[in-house]
Amino acid sequence: MTNLLKATALTACIAALVCGTSAAQAQAAKQPLRIGMTFQELNNPYFVSMKQAPEEAAASIGATVVTTDARHDVAKQIGDVEDMIQKKVDILLLNPTDSTGVQSAVRSAKKANLVVVAVDANAQGPVDSFVGSKNTDAGRLACDYLAKNIGEKGDVAILDGIPVVPILERVKGCREALARYPGIKVVSTQNGKQERATALTVTENILQANKDLKGIFSVNDGGSMGALAAIEASGKDVKLASVDGAPEAIKAMQKPGSKFIATTAQYPRDQIRLAIGIALAKKWGANVPAAVPVDVKLIDAEGAKTFSW
């Protein structure tokens, strides 16, 4: 069975779990489930979209949701998890701000008999499962498309981000793709911190320092919007590719003559739905996979006309 078919089959099973099975409703009638969801940040449309999914799924089975925003502070995220343990949540969905740093929180949660599923980025420690996008594929797809659209030659820059596993994987995939084109040279790799304002300033500096730049890869769409603003202000013919599929990026790609040529879309809501299904199955005694990779899809200007999260 292919990964896509596996994902389709698993999604079907999860739909049955979270959309009103008698088992779920019977459990909720006895004692409503409490689901804790801790995010690395919520100042990002990707995670805002992801946040809506547990609320929707929980409502369908009479569960309650406790949501926290770590704001990229691992100490805060650890404290948030400890607070959820005190509130006696049954399931912890963990989007780690630091995969290594949250290990103590994972251990505390498991010691308290919580089901722990990492989402989007994996966490060290005894998690029950991990649900996340194929981030290496995401970087590879975006940068292969970028390479072809600059004529398979020229200088390219990488707009990096916070060193969490998904970002590292995207850069790895990008470099692998670009390495297949002898005429392309990566001349600069700078940290835009996945933020519009920072990415704008960093991109301005990259453009000034590299007069012959032909393309930029951004590790996320938040940073890409700052990069796009810098490119447009410079008047240079520099192509931009990214990862995420955020609404603002999809809209920007559709503008006539846009330098933003592609983004590799992820599916944040699906990741949460899968994670909740896995967590429920684990809580009710089933064996669950250690990891569930979620496919990504390259979206260009034409595809952007019909794509949305």
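Against the empirical curve 2.2 N^0.38 Å, the C-alpha radius of gyration of region 126-227 lands at a ratio of 1.08. Note on K193: aspartates and glutamates with a C-alpha under 16 Å away, same-chain residues under 8 apart excluded, are E41, D73, D98, D160, E169, E204, D221, D244. Computed from label points 7 Å out along Cα-Cβ, the spacing between T64 and Q86 is 1.6 nm. Only DSSP H runs of four or more residues enter the estimate; each adds -39500 (n - 2.57), and after division by the residues of the chain the mean residue ellipticity at 222 nm equals -15000 deg cm²/dmol. Centre-to-centre separation between the Cα atoms of region 122-164 and those of region 289-308: 13 Å.
The three principal axes of the Cα atoms in the chain give end-to-end lengths of 65, 38, 30 Å, sorted in falling order. Taking amide H as placed 1.01 Å from N in the peptide plane, G132 has its amide H under 5 Å from the amide H of D120, V292, V294, each at least 5 places away in sequence or on another chain. With the cut-off at under 15 Å, measuring from each backbone N in region 135-162 to a point 7 Å along the Cα-to-Cβ line of R180 picks out 136-153. Computed on region 188-273, the Cα convex hull volume stands at 86 Å³ per residue.
Can you give the accessible area per residue of region 208-309, in Å², using a 1.4 Å probe?
Numbers: 4140 Å² over 102 residues.
That works out to 41 Å² per residue.
Could you pull out the pairs from K148/K297; K88/K134; K134/K255; K88/K111 whose alpha carbons sit more than 24 Å apart here? Among K148/K297; K88/K134; K134/K255; K88/K111, the Cα-Cα distance tops 24 Å for K88/K134; K134/K255. Among the trypsin sites (Lys or Arg not before Pro) in region 69-114, those located in a DSSP loop and surrounded by at most 13 other Cβ atoms within 10 Å of their own Cβ are R71, K87, K88. Ranked by the mean number of other Cβ atoms within 10 Å per residue, highest first, peptides 133-141, 205-213 order as 133-141, 205-213. Each principal axis of region 90-150 carries a Cα extent, and these read 53, 19, 13 Å when sorted largest first. The GNM of the chain, with springs linking C-alpha atoms under 10 angstrom apart, assigns the highest mean-square fluctuation among T68, T97, T38 to T68. Here the gap between D300 and V48, fully extended at 0.36 nm per residue and compared with their Cα-Cα distance, gives a gain of 88.4 nm.
Treating each Cα of region 144-185 as one equal point scatterer and applying the Debye formula with no solvent, the log10 of I(q)/I(0) at q = 0.25, 0.27, 0.33 Å⁻¹ comes out as -0.83, -0.91, -1.15. If you plug the beta carbon distance of Q254 and K110 into 1/(1 + (r/R0)^6) with R0 = 30 Å, you get a FRET efficiency near 0.05. Hydrodynamic estimate: the Kirkwood radius of region 39-147 over Cα pairs, inserted into Stokes-Einstein at 37 °C and 0.692 mPa s, corresponds to D of 223 µm²/s.
The values are calculated or read from the model by the stated rules, or taken from the named source; none is laboratory data. Source: prediction; values computed, not measured. Using ideal geometry, Cβ is built from the backbone for each residue, glycine included, and neighbour counts are taken over all protein chains shown. Just so you know, the surface numbers come from the protein's heavy atoms only, side chains and all, with ligands and any DNA or RNA stripped out. Shrake-Rupley method; radii C 1.70, N 1.55, O 1.52, S 1.80 Å.
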